[in-house]
Structures are given as C-alpha cells and as structure tokens.
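Below: the structure, in structure tokens.
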Amino acid sequence: YILGTDALGRDVLTRLMYGTRISMLVALMAAFVNLIIGILYGGISGYLGGTVDMIMMRIVDIIYTIPDFLLIVLLSFALKDPLANLAQLPGFGWMQIVGSNLISIFIVFALLYWVGMARMVRSQILTLKENDYVMAAKALGAKDGRIIKKHLLTNCIGTLIVTTTLQIPSSIFTESY
C-alpha cells in the first residue's frame, strides 16, 4: 500500500509525505528552540554555580512538576486569541500563513521541553569547567561568555547533538496527542 494507491485511487506515499511536513516542522522547531534555551540557561547555571545555580535549578524542578498535557492544553487555549489578534497587525501576516495553532504549539514546546536540555548542559559544564584549559583561559583573561562558548560548549557538542536528535521523536509524539 505504501507505494500504491488506496481504495479511492489516491497516492498513499504522497499523502503520507504531505502529512509528515507539519510534524517534522513542529519537531525540528521544537528541537532547535529547546537547544538554544537549554544551552543558554544550563550554560549560565553550570558555569556560575553556587546560589545562582541552585535558584535556576529550582525553577527547572518546578517546571518539571507541571504535567505536560495540562500545560499543553492550558497554553494552547490561552494563546489562541492573542495570537489571532497579533496576526491581524501589519507585519505579522506570516502568522496567518503558518496559523495560530501551529505557533502556539511552538511556544508550548519552547516553554515545556527546554528543561531537560538545560539540565544536561548544566551537568556537562559542571564536569568540564574544572579542566586545566578552562583555568588557563581564565588566567589569560578570557571573559566568561567566551569560555562558555569556545571552551565548554564545544567540548559537549556531541552530547548536545544526541540529545537534540532524541528530542525530535518525542516532540512528534507529543504533538500527535
């Protein structure tokens, strides 16, 4: 059936590919946004450590305790009208093309799934920041942002790629319900 036609004579493969476009768009956007937010939040938390780390991770723990389905439903309904009103303003015509429901899904996924990435980035940075090359960069006067970007994140890029890749199917599954 996959390469043929269904009972009504429609090409099943073409219909499958058209249906996959939205799911892949949602999954890739969610993975990208989660990667960016997770890198920023987890990188700052892990590098600064101490009280800043404790407060930032407690915020992550609070977000983890909220049930996913409840947050998805509540935010989808709460964002529907504001996004529809925003789409009517000049310069936001692209929102009518994409659709307010799809944009609300992007926002919900961005608010919901970055916490796992932030925890993972934090743990990687906590282990890497004690290495000699970080101490050498500090001794040479490198700023904190440069140390995080050039030394720490580049050394945990493999883990970031794997985690981001594994987030794509979970985003598709969540989007389906």
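Which residue is farthest from Gly49 (Cα to Cα), if the candidates are limited to the range 153-169 and must be touching a residue at least 12 places away in the same chain (Cβ under 8 Å) and over 13 Å from the mean Cα position of the chain (by Cα)? It comes out as Thr159. Counting the residues of the range 91-139 that are in a helix (DSSP H, G or I), polar (S, T, N, Q) and over 28 Å from Ser76 (Cα atoms) gives 3.
Yes or no: the range 35-55 includes at least one residue that is acidic (Asp, Glu) and modelled with pLDDT under 85. Taking every residue of the range 35-55 in turn, none turns out to be acidic (Asp, Glu) and modelled with pLDDT under 85.
Taking each residue of the range 119-144 that is modelled with pLDDT of 90 or more and polar (S, T, N, Q) and looking for partners that are assigned to a helix (DSSP H, G or I) and open to solvent by less than 60 Å² (accessible area, probe 1.4 Å) with beta-carbon atoms closer than 6 Å, six or more apart or interchain, yields Gln124/Thr159.
Do the conditions hold for Val73, that is, is it open to solvent by less than 60 Å² (accessible area, probe 1.4 Å) and without any contact (Cβ under 8 Å) to a residue 12 or more places away in the chain? Taking the combined requirement at face value, the residue satisfies it. Lys150: without any contact (Cβ under 8 Å) to a residue 60 or more places away in the chain, within 18 Å of Ile36 (Cβ to Cβ), charged (D, E, K, R) and surrounded by fewer than 17 Cβ atoms within 10 Å (Cβ to Cβ), yes or no? Considered against the rule, which asks whether it is without any contact (Cβ under 8 Å) to a residue 60 or more places away in the chain, within 18 Å of Ile36 (Cβ to Cβ), charged (D, E, K, R) and surrounded by fewer than 17 Cβ atoms within 10 Å (Cβ to Cβ), Lys150 comes out as yes.
The values are calculated or read from the model by the stated rules, or taken from the named source; none is laboratory data. The structure presented is a predicted model; accordingly, all values stated were derived computationally and were not measured. With ideal geometry, Cβ positions are generated from the backbone for all residues, glycine too; neighbour counts draw on all protein chains shown. Just the protein is used for accessible areas: all its heavy atoms, side chains included, with ligands, DNA and RNA removed. Shrake-Rupley method; radii C 1.70, N 1.55, O 1.52, S 1.80 Å.
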